[in-house]
Protein chains: 2
Amino acid sequence: METKAPPPLASGPCRCQQRIRRTLDLIANKWAVPVILELSRAKGPLRFTALARAIAGITQKELTKQLRELEGAGLVTRHVYAVVPPKVEYALTPLGASLKPVLDALAGWASDHGDRIAANEAAFSGVPT
Amino acid sequence: METKAPPPLASGPCRCQQRIRRTLDLIANKWAVPVILELSRAKGPLRFTALARAIAGITQKELTKQLRELEGAGLVTRHVYAVVPPKVEYALTPLGASLKPVLDALAGWASDHGDRIAANEAAFSGVPT
DNA sequence: CGGAATCCCTTACGATACTG
DNA sequence: CAGTATCGTAAGGGATTCCG
């Protein structure tokens, strides 16, 4: 029974959710944030290996894939030097850099409530009965 | 899936990245944002089916899983009524509600740059060579 | 009504090895 | 140095069915 008049939601609550999800898909890729933050910290181009070394635990495969995706989204530039020892440098585009405030907002919230969430999850899992 | 394998994320020189990733893992689950936003819009408890109907495309399985996770994180409350036709209501906790500004920041960024990103991706994919 | 259980497919991720 | 290729595993996610 429709107790309340159903809002004229065409095929969902609102379209903006899709947008958020789209953005989320970009940065939810496990290594996307570390890559972006690392490039952001560098304040300049970084070589592939430098990036790989800065981000502990990442594999070449994942780093490559991540960089491709970010490049495709226009958040990162890829500069290939035609030299004998191959040299490729990556850097954030202004668009990519513009994501930093958002990540900061996220980081801020995480800092504020991360402990509580962790505690909640621990309690939720360890609840006896 | 009892004990969550603690990922030895030692990525990067700063710990804040872990926090962000943790938060990201919470909201990156494809349906987390729609669920949170829907509960946020409702400004009150919603029944399982009401939630399911409000979020087009979601399955019971996914909705249940998502609600469990959000409940575990303490972002959502689950109230079970012991009545003949089962009745369960979900609502945002203050903690869950506090996530809204962050989602708004994300939504704002997505609104501002979503088109450009989509265009970039299209061009990146469709580029012949 | 709410949700747990099952089946099955697709994607994500990690490790190793090989090449321009 | 900077990838690409291949393999195997794990997790995500949709559809259906059954049960309190």
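Which aspartates and glutamates have a Cα less than 15 Å from the Cα of B:Lys43, not counting those fewer than 8 places away in the same chain?
B:Glu89
Taking a ≥ b ≥ c as the square roots of the eigenvalues of the Cα gyration tensor of region B:13-89, is the shape rounded (a/c under 1.5), prolate (a/b larger than b/c) or oblate?
The shape class here is prolate.
Report the one residue of B:Ser98, B:Gln18, B:His79 whose Cα lies farthest in the direction of the positive end of the charge dipole of chain B (charges on C-beta: Lys and Arg +1, Asp and Glu -1; origin at the Cα centre).
B:His79
Considering the zone a paramagnetic label at B:Lys65 would reach in this model (a point 7 Å from Cα along the Cα-to-Cβ line), which residues of region B:22-49 have amide N under 11 Å from it?
Output list for this probe position: B:29-31.
Does region B:64-129 classify as rounded, prolate or oblate by the C-alpha gyration tensor (a ≥ b ≥ c root eigenvalues; a/c under 1.5 gives rounded; else a/b over b/c gives prolate, otherwise oblate)?
Since a/c reaches 1.5 and a/b is larger than b/c, the shape of region B:64-129 is classed as prolate.
Using a Förster distance of 35 angstrom, determine the FRET efficiency expected from the C-beta separation of A:Val88 and A:Asp115, and round it to 0.05.
After rounding, the FRET efficiency stands at 0.30.
Write out the trypsin sites (Lys or Arg not before Pro) in region B:8-117 meeting two conditions: DSSP loop, and at most 16 other Cβ atoms within 10 Å of their Cβ.
Answer by residue number: B:Arg15, B:Lys30, B:Lys43.
What's log10 of I(q)/I(0) for chain B at q = 0.18, 0.19 Å⁻¹, Debye sum over Cα points only, no solvent?
Result of the Debye calculation: -1.08, -1.14.
For chain B, what is the relative contact order in percent, using Cα pairs closer than 8 Å and at least 6 residues apart in sequence?
20 percent
Starting from a label point 7 Å past Cα on the Cβ side, list the distances from A:Gln18 to the same position in the other copies, nm, shortest first.
Here the equivalent label points are 3.9 nm apart from this one.
Would you tally the net charge around A:Ser40, using a Cβ to Cβ cut-off of less than 12 Å, leaving A:Ser40 out, and scoring K and R as +1, D and E as -1?
It works out to a net charge of +1.
When all C-alpha to C-alpha distances in the protein assembly as shown are sorted into bins of 10 Å, what percent of pairs does each bin hold, rounded to whole numbers?
Whole-percent P(r) values from 0 Å outward: 6, 27, 32, 21, 10, 3, 1, 0.
Can you list the residues, at least 5 places off or on another chain, whose amide H is less than 5 Å from the amide H of B:Val76, using H built in the peptide plane?
Here the answer is B:Glu71, B:Thr93, since their amide H atoms fall under 5 Å of that of B:Val76.
Go ahead and estimate [θ] at 222 nm for chain B from helices alone: -39,500 (n - 2.57) per DSSP H run with n ≥ 4, summed, over the residue count, rounded to 500.
After summing the helix terms and dividing by residue count, I get -18000 deg cm²/dmol.
Work out the length of the dipole vector of the protein assembly as shown about its Cα centre, built from +1 on the beta-carbon of each Lys and Arg and -1 on the beta-carbon of each Asp and Glu, and round it to the nearest 20 debye.
For the protein assembly as shown, the charge dipole is close to 140 debye.
Report, to the nearest 10°, how far helix A:32-42 tilts away from the longest principal axis of the Cα atoms in chain A, using its own Cα long axis and a range of 0 to 90°.
Roughly 50 degrees, rounded to the nearest 10.
Here, each number is a calculation from the coordinates, and none is a lab measurement. Remember, predicted model here, so these are calculated numbers, not experimental data. Neighbour counts are summed over all protein chains in view; Cβ atoms, including those assigned to glycine, are modelled from backbone coordinates with ideal geometry.
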